[in-house]
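The values are calculated or read from the model by the stated rules, or taken from the named source; none is laboratory data. Everything numeric in this text was worked out from a predicted model, so none of it was measured. Here the Cβ positions follow ideal geometry from the backbone for every residue, glycine too, while neighbour counts run over all protein chains shown.
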Amino acid sequence: MRAWTLIAHTDPHRAFALREHPDPQPKPNQVLIRCEGFGLNYADVMAARGLYREAPPLPSIIGYEAVGRVIAAGQEAPQDLIGKRVVAMTRFGGYAELAVTDHRACAVIPEELSIGTAAALATQGATAWYAARVLCPLHAGERVLVHSAAGGVGHLIVQLAAKAGCEVFAIVGGAAKRQHTLSLGAAHAIDRRTGDYSTQLRTLLGKRRLDASFNAVAGTSFKKDMQLLGSGGRLVLFGGAERGGLGAFGTLRFVWSMGALLPIFLMMKSKSILGVNMLKLGDNRPDLMAHCFREAVAAQAAGLISPHVHEVMPAERLPEAHALLASGSTMGKVALAW
């Protein structure tokens, strides 16, 4: 099989090589998928930069999701999955023509569902559902901040929050993204390029405070969001986009900018900090991961969420797609097709 192989931690055009690999075989409880395509996630960008500690050592095939058809099933895996078209979550190995994964990490999808939409329901859909429905359930009337609101996870959280009856404040970069998030149900959209978002947000809030923040940026935004939360407020961290620099100094700056926080402060102020790492969740609670994944697929089928697909590129253009996602100019999902 062909697979994009991560060979170096550098810029995308030098980090990957399209190579031949032996065909994988399903182990017990696994299925083998002939892939039509796969999706990109920001964690892939971090892995390519050498900033994602859970990524396998070089050289490796990364990738968290694949769309395709089950062609074989291992022992103890449901044999009736063979022949079914699925979207699947993979613990790496998604950037390949063939992928293996636990059968519980698969969801059967209609033939007419596009590669881009299907891929958006995997890692990003499961993350959004876990964050906004399981970890931090939202209620009508709550004031909710969403960072990177036009991104793959962010634009789904905007929709879930709006459908729950929340007043959504979306943070984006650029006028086009601002209009896009407003069309998804955000009540307010703040372009971070026009000034400090927290200053603009305080003007919109007046004497009010936020009930929840979904933050994919971390860094300096962490302390700002904590100050914007009212009593009972929850800060959900599901990314660290501000950690853009390579090497130890970039990491130190990122950690230092978040500051230190005493647990007693959280109790006295009645505030909560909640972390999301779907890879760790899948390791510890595969049942919960599978639940969130399937709920996201069902939510799309029911019209509760509508993933936006930025572009589906030929798989041969993976380095270009990686650079595009890393640029911060995309809205929604970036996927590739074999």
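Tabulated data
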item	result
Within region 7-28, tally of residues that are outside any helix (DSSP H, G or I) and touching a helix residue (DSSP H, G or I) at 6+ places or on another chain (Cβ under 6 Å)	2
Filtered residue count, region 29-40, keeping only those that are of a type in the set (Val, Ile, Thr) and either modelled with pLDDT under 95 or not in a strand (DSSP E or B) (or both)	0
Residues located in region 193-221, provided they are at pLDDT below 95, assigned to a helix (DSSP H, G or I) and touching a Ser or Thr at 6+ places or on another chain (Cβ under 9 Å)	THR220, SER221
Search result, residues across region 98-109 that are closer than 20 Å to LEU318 by Cα and surrounded by fewer than 21 Cβ atoms within 10 Å (Cβ to Cβ)	none
Subset tally (residues that are within 29 Å of GLY233 (Cβ to Cβ), hydrophobic (A, V, I, L, M, F, W, C) and without any contact (Cβ under 8 Å) to a residue 24 or more places away in the chain) for region 267-322	2
Helices (runs of 4 or more DSSP H) lying entirely in region 260-316 (those with 1 or more residues that are at pLDDT 95 or above and of a type outside the set (Lys, Arg))	286-302
Count of region 281-310 residues which are under 15 Å from LEU156 (Cα atoms) and more than 17 Å from the chain's Cα centre (by Cα)	5
Residues (assigned to a loop (DSSP other than H, G, I, E, B), crowded, with 24+ Cβ neighbours inside 10 Å and touching a Lys or Arg at 6+ places or on another chain (Cβ under 8 Å)) located in region 41-71	TYR64
Top-ranked residue in region 137-192 [being surrounded by 20 or more Cβ atoms within 10 Å (Cβ to Cβ), part of a helix (DSSP H, G or I) and among the polar types (S, T, N, Q); ranked as farthest from the chain's Cα centre (by Cα)]	THR181
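For (1) among the basic types (Lys, Arg); (2) out of contact with any helix residue (DSSP H, G or I) (no Cβ under 6 Å at 6 or more places or on another chain); (3) farther than 21 Å from ARG19 by Cα, each residue gets a yes or a no:
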site: GLY37; (1), (2), (3): no, no, no
site: GLY50; (1), (2), (3): no, yes, no
site: ILE62; (1), (2), (3): no, no, no
site: VAL67; (1), (2), (3): no, no, no
site: ALA105; (1), (2), (3): no, yes, yes
site: GLU111; (1), (2), (3): no, yes, yes
site: THR117; (1), (2), (3): no, yes, yes
site: VAL134; (1), (2), (3): no, yes, yes
site: HIS139; (1), (2), (3): no, yes, yes
